[in-house]
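Only one structure is covered here, and it is reproduced in the block below.
The values are calculated or read from the model by the stated rules, or taken from the named source; none is laboratory data. As the structure is a computational prediction, the values presented were derived from the model and not from experiment. Backbone-built Cβ (ideal geometry, glycine too); neighbour counts: all protein chains shown. The accessibility values were calculated without ligands, DNA or RNA, using every heavy atom of the protein model including side chains. Shrake-Rupley method; radii C 1.70, N 1.55, O 1.52, S 1.80 Å.
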Amino acid sequence: MIRVLIADDQEMVRAGFRMILESQGTIEVVGDVANGVDAVRVAREKRPDVCLMDIRMPGIDGLEATKQLAGPGVTDPVKVVVVTTFDLDEYVDAALANGASGFLLKDAGPALLLEAIQAAVRGDALVSPQITVRLLKHFSQSRERVRSAVAPPKEELTERELQVVRATAKGLTNTEIGRELFMSLSTVKTHLAAAQAKIGARNRVETAAWAWRSGLMENL
């Protein structure tokens, strides 16, 4: 069973998410809370596999709660998927920088919600398709300022690793990358894991963001 905590200040949203998740038979909702303070407290107490986190909540907002649960330096992070009404680039950027394992809009639908939870459990990340490309291209804006904040890779990436990173940044799945680059699925995963280790990325969204921020996607 996948254990999920729901954090949203709207009771109807919490009830709707609970109904969707519990209908699967493979997901247990371990709690639902209405503010960021309780989200952090309950997540630390119950250690869910995934926390669904709204952004605009009383106490502390979902971005700060995500940082406290999953941000850089957190010893034992909780997987957080941010689910919000607000389609704003700065929210997406802040959520991912704070360690979120996904970012969805509330109108994404049940299938994508379930997919995002499953991706988080696998250690991957999912962002709503309607904002992914715009978000990643946004990372390439103000290039000089952005690049100055991008840490160089610990070790130079091989050409195949760069190809896999570029394909990831275009939003391709591992299976699609394999077809495009004529690689087996296991080879794609090997190259992606090696690249992530070199650039310090924890998942494919951070990998894609690095590719856009560093200028790797220019002229493509």
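Here GLU176 does not qualify as within 26 Å of GLY73 (Cα to Cα), of a type in the set (D, E, K, R) and assigned to a helix (DSSP H, G or I). Scanning the stretch 172-194 for residues that are buried (at least 19 other Cβ atoms within 10 Å of the Cβ) and in contact (Cβ under 8 Å) with a residue 24 or more places away in the chain turns up VAL188, HIS191, LEU192. Scanning the stretch 86-110 for residues that are of a type outside the set (Asp, Glu), open to solvent by 40 Å² or more (accessible area, probe 1.4 Å) and touching a residue at least 40 places away in the same chain (Cβ under 8 Å) gives LYS106, PRO110. In the condition set (1) open to solvent by 60 Å² or more (accessible area, probe 1.4 Å); (2) within 19 Å of ALA119 (Cα to Cα), VAL83 is compliant with all but (1). Filtering the stretch 151-166 down to residues that are surrounded by fewer than 16 Cβ atoms within 10 Å (Cβ to Cβ) and aliphatic (A, V, I, L, M), which residue is modelled with the lowest pLDDT? Filtering first and then ranking leaves ALA151. Picking from residues in the stretch 6-51 that are in contact (Cβ under 8 Å) with a residue 60 or more places away in the chain and among the aliphatic types (A, V, I, L, M), the one that is farthest from THR84 (Cα to Cα) is ILE27. Being in a loop (DSSP other than H, G, I, E, B) and either out of contact with any strand residue (DSSP E or B) (no Cβ under 6 Å at 6 or more places or on another chain) or polar (S, T, N, Q) (or both) is the filter here, so list the residues in the stretch 77-86 that pass it. Matches in the stretch 77-86: PRO77, THR85, PHE86. Among the residues of the stretch 207-215, is there at least one that is touching a helix residue (DSSP H, G or I) at 6+ places or on another chain (Cβ under 7 Å), in a helix (DSSP H, G or I), more than 16 Å from LEU126 (Cα to Cα) and of a type in the set (Phe, Trp, Tyr)? Checked against the condition, which is being touching a helix residue (DSSP H, G or I) at 6+ places or on another chain (Cβ under 7 Å), in a helix (DSSP H, G or I), more than 16 Å from LEU126 (Cα to Cα) and of a type in the set (Phe, Trp, Tyr), the stretch 207-215 yields at least one hit.
Being assigned to a helix (DSSP H, G or I), surrounded by 19 or more Cβ atoms within 10 Å (Cβ to Cβ) and either modelled with pLDDT under 85 or on the phi < 0 side of the Ramachandran plot (or both) is a description that does not apply to ALA197.
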